[in-house]
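A short worksheet on the structure shown next.
Taken together, the values in this text are just the output of simple stated rules run on the coordinates, not laboratory data. It should be emphasised that the depicted structure is a prediction, and the values quoted were computed from it without experimental measurement. Ideal geometry is used to build each Cβ from the backbone, glycine not excepted, and the neighbour counts take in all protein chains shown.
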2 protein chains.
Amino acid sequence: MLHQLGLVEALRAFRTGATTPDAYLSACLDASRARNPSLRAFTHLTSTLKAGDGPLGGIPVGIKDIIATADMPTANGSAVYDGEVPASDAWVTARLRSLGASILGKTVTTEFAWRHPGPTHNPWRRGHTPGGSSSGSAAAVAAGLVPLALGSQTFGSVIRPAAYCGVVGFKPSFGAIPRVGIHPLAGSLDHVGLFTRSVLDAAYALSWLAASDDGDRHGRPLVPFAVDPETGLDPLPAPRLALVRTAIWDQADPGQRALIEATARKFRAEGGFVEDIVLPEGFEALWSAARTILAAEAGTTFGTLVARFPDKTSEPLKDLVREGSALAAVAYVEALRLQARLRADLDSVLQGFDAILTLPASGPAPEGLAFTGDPAFCVPWTCLGVPALTLPAGESPDGLPLGIQLVGPYRADLRLLRIGLWCEAALARSPRFPQDPA
Amino acid sequence: MLHQLGLVEALRAFRTGATTPDAYLSACLDASRARNPSLRAFTHLTSTLKAGDGPLGGIPVGIKDIIATADMPTANGSAVYDGEVPASDAWVTARLRSLGASILGKTVTTEFAWRHPGPTHNPWRRGHTPGGSSSGSAAAVAAGLVPLALGSQTFGSVIRPAAYCGVVGFKPSFGAIPRVGIHPLAGSLDHVGLFTRSVLDAAYALSWLAASDDGDRHGRPLVPFAVDPETGLDPLPAPRLALVRTAIWDQADPGQRALIEATARKFRAEGGFVEDIVLPEGFEALWSAARTILAAEAGTTFGTLVARFPDKTSEPLKDLVREGSALAAVAYVEALRLQARLRADLDSVLQGFDAILTLPASGPAPEGLAFTGDPAFCVPWTCLGVPALTLPAGESPDGLPLGIQLVGPYRADLRLLRIGLWCEAALARSPRFPQDPA
């Protein structure tokens, strides 16, 4: 079906004349309109789409609803902002438009990208969560409604929903994409992330979105790189992967754990190198450091808001503010220093390896929409700010997607994506789309 | 006298053959050896100096003793580190060496660049403070012992001692020079700064020292620029200066206030434009924000140290740790946000102006060595991270130096230095050196 074309596939089809940008945009918009009443991936859909010019000309994009759009409401998943239309685009929205992309709609987020869930279903199983907080972006890409959607990750909000929905999720290095005009949850942890259906699509999108802007003081531009949509990108041959189980390995679903072991065997059989390593003990402090950083920063951001709008803010948000307000400044500063120190230490730990192979989540998408799942398997990598990529790699016994997660050294994003290309080829999975249950 | 040559003057003299690098280095070292027993500017002097090759070849430099030097002790002004020699150079030390500079010695700092004073005298008046925390660097440059010295500024530790000692002090934009290997006081406020005897010397030094390094996560590189020592740099003609008195104007010495008014008249007479402006009320929060940031970060850094070495740490340092330990995380996060917001706001405030003209200190160097003077007139600009430059502009009735301070928009360092060149020319002062009282 036309709307199921991936990003680079679509660009190639435009060039050969197999389809046109406007036809593709219409197909995606029509499919989204048809599917959204049951899937609930979008909070808002555009009424018309016209193809723009540029490297993303003719590409429809879903944008997480904490990212400002000057022509569409941006509610941040919160009753406080219900129906509000921002005065201007977020940096990344404006950048997408300048590249020729068309904003197809705004995707469901949990309240301010924290816990309180939205109405989105997992496209593979109605009544299961798509994960969060970038719930709608993951679901929309999985359902083939858009080839690219933007999300954000503070704890595990890109990698986890991507894994639950069986798509590619990529969280670039901290600071790689400016966050100006995106509602902050915790500025020292917030990352813009990408949902696509192939690693090449993610690499192509990142090559155009990576930048820095003075409005984001945490920005740290990547070394620029280009991806030719016709020739693609070379996989990194025979990558050396460090299988990292982390201290919370036992909390993972046995099926998810078995998938990682089976994947390691498959990679070895394909010529890759996979060896178990145990991170030094200090890394166990990352979970509590991330929690401290989150609570202190979110507590500052939302303190006035929850006091002013007690009826329009959720209990999880209020709990987070309470937690943050009780923290000492020195504990927070200490957590930030640990974050910086371990980010540098990871480089030494990974000497001799190209990337880490680990779990993206504890297992398949849990049942129910009230709980978007446990981000714990993403937290250390988010806190370190290192690039993280999830790929679909299998299914649970009852047919829900399961993924793997690859993690690279800080700011070696292109290299991690090239490793991802190799892994994607080694996994040799054909594209799959969920059936519309409606 | 040969040792009184400025940095660029010396480079020119090397080129014409008027002197040689080795002769100049020897003259500076001899003068330092002779002068230091009474001045107490250096904690350590090198035994020999040999000229290196490069853009700073033949230039002797004094380095504040919180900056690591692998071949000289680095005590951080603290009994805890007395006699310790670091395993490696600080980034800026290594950079200076790679540029051909020779490290003449380590200069006195207050304890960890906070309050507890060192033994340095003001070269213009024995028994008066040279200011702090970069006490020895300011004194050594003023006494003509080195043409360039490195300091650091967290509150007012470059601009204030430079003004007290009658030399040029330059604090570049926050993030312009990496701080790797420098003992932190407060990472969100610490700047590397320069002491010279002319604006051109400061510009030349900055052109070679400005950089970024992954080891300093607060780095934000300036747009690179070059200064030809033969042709110099063009002054910015007819600069538009905003005379800013700040909320603490009344705390300044009447003579210091009168000097600013007289300087404004002189600049107008020379074709400059000087107009009074009042900063928006929000800027008054900068003093308490800076204090919160300092206490939280220093409290974290020194908490363990003061507990472990109660007899080797001062009361002011212990007080700072106590103050920081009592702070809430949300108050600290709020202070950091205010800092970032006002840094951006200053750009709008300065629309129509090239720089701010204001006080570098409350007046001339106070009597006594126990108190290094009040940094309050520097604190807002340090907290904002904007470039700040002090120039000698007059004397107090009893002959102590008085300066002016120029402050520019964030990261417009070169432009501020070119304004400084214009002001320096308009002030038309001849180089002065204090007589050795010994």
| said: Need one value for A:206-215: mean number of C-beta atoms belonging to other chains within 10 Å of its residues' C-beta atoms. | reply: 1
| query | Per residue of A:321-332, what is the mean number of Cβ atoms on other protein chains within 10 angstrom of that residue's Cβ? | reply | 6
| For the residue pair B:A258 and A:R432, what label-to-label distance in nm results when each label sits 7 Å from Cα along the Cα-to-beta-carbon direction? | 8.7
| query | Could you give, in nm with one decimal, how far A:A307 is from each other copy of that position, shortest first, with labels 7 Å out from Cα toward Cβ? | reply | 3.1
| If we count every other residue with Cβ under 14 angstrom of A:E275's Cβ, Lys/Arg +1 and Asp/Glu -1, where does the sum land? | +1
| query | For region B:304-321, in order, what is each residue's ³J(HN,Hα) by Karplus, 6.51 cos²θ - 1.76 cosθ + 1.60 with θ = phi - 60°, in whole Hz (x at glycine and Pro)? | reply | 5, 4, 5, 5, 7, 10, x, 8, 10, 10, 7, 4, x, 5, 5, 4, 5, 5
| said: Ignoring everything except DSSP H segments at least 4 long, calculate the 222 nm mean residue ellipticity for the protein assembly as shown; use -39,500 (n - 2.57) per segment, divide by total residues, nearest 500. | reply: -11000 deg cm²/dmol
| query | Net charge near B:A242, counting Lys/Arg +1 and Asp/Glu -1 over other residues with Cβ under 13 Å of its Cβ? | reply | -2
| Among chain B residues, which Cβ is nearest the axis of the B-onto-A rotation, and at how many Å? | B:A329, 3
| Per-residue Cβ neighbour rank within 10 angstrom, fewest leading, A:H116, A:H191 | A:H116, A:H191
| said: Between region B:295-356 and region A:111-181, how far is it from one alpha carbon centroid to the other, in angstrom? | reply: 37
| message | Measuring nothing but label to label, 7 Å from Cα along Cα→Cβ, what are B:T20's distances to the other copies in nm, shortest first? | response | 8.1
| field | Virtual spin-label span in nm between A:T304 and B:V85, 7 Å along Cα→Cβ | value | 5.5
| What nm value, rounded to one decimal, do you get for the distance between B:K266 and B:D398 when each label is placed 7 Å out toward the C-beta? | 2.3
| request: Would you mind giving the mean number of other chain beta-carbons within 10 Å of the Cβ of each residue in A:292-299, as a whole number? | output: 3
| field | Sparse-neighbourhood loop sites, trypsin sites (Lys or Arg not before Pro) in region A:364-438 - DSSP loop, at most 15 other Cβ within 10 angstrom | value | A:R429, A:R432
| request: Among DSSP beta bridges whose residues both lie in chain B, state the antiparallel percentage, nearest 5. | output: 60
| Amide proton proximity set for A:G193, modelled H, under 5 Å, gap of 5+ | A:G151, A:S152, A:Q153
| message | 7 Å along Cα→Cβ for the label point: how many nanometres lie between A:S430 and each equivalent label in the other copies, listed shortest first? | response | 9.2
| remark: By Cβ neighbour count within 10 Å, fewest first, A:S137, B:S207, B:S152, A:S288 rank A:S288, B:S207, B:S152, A:S137
| field | Under 17 Å, Cα to Cα: Lys pairs in the protein assembly as shown, sequence gap 8 or more or different chains | value | 6
| task | Would you tally the net charge around B:S157, using a Cβ to Cβ cut-off of less than 11 Å, leaving B:S157 out, and scoring K and R as +1, D and E as -1? | result | +3
| task | Choose one answer from A:A238, A:A143, A:A361: the residue with the largest mean-square fluctuation in a GNM of chain A with alpha-carbon springs under 10 Å. | result | A:A238
| Once amide H atoms are built 1.01 Å from N in the peptide plane, which residues 5 or more positions from A:R220, or in another chain, come under 5 Å H to H? | A:A176
| request: Arrange B:F283, A:F42, A:F273 by Cβ neighbour counts within 10 Å, fewest through most, would you? | output: A:F273, B:F283, A:F42
| message | For the protein assembly as shown, give me the percentage of DSSP beta bridges that are antiparallel, rounded to the nearest 5 percent. | response | 65
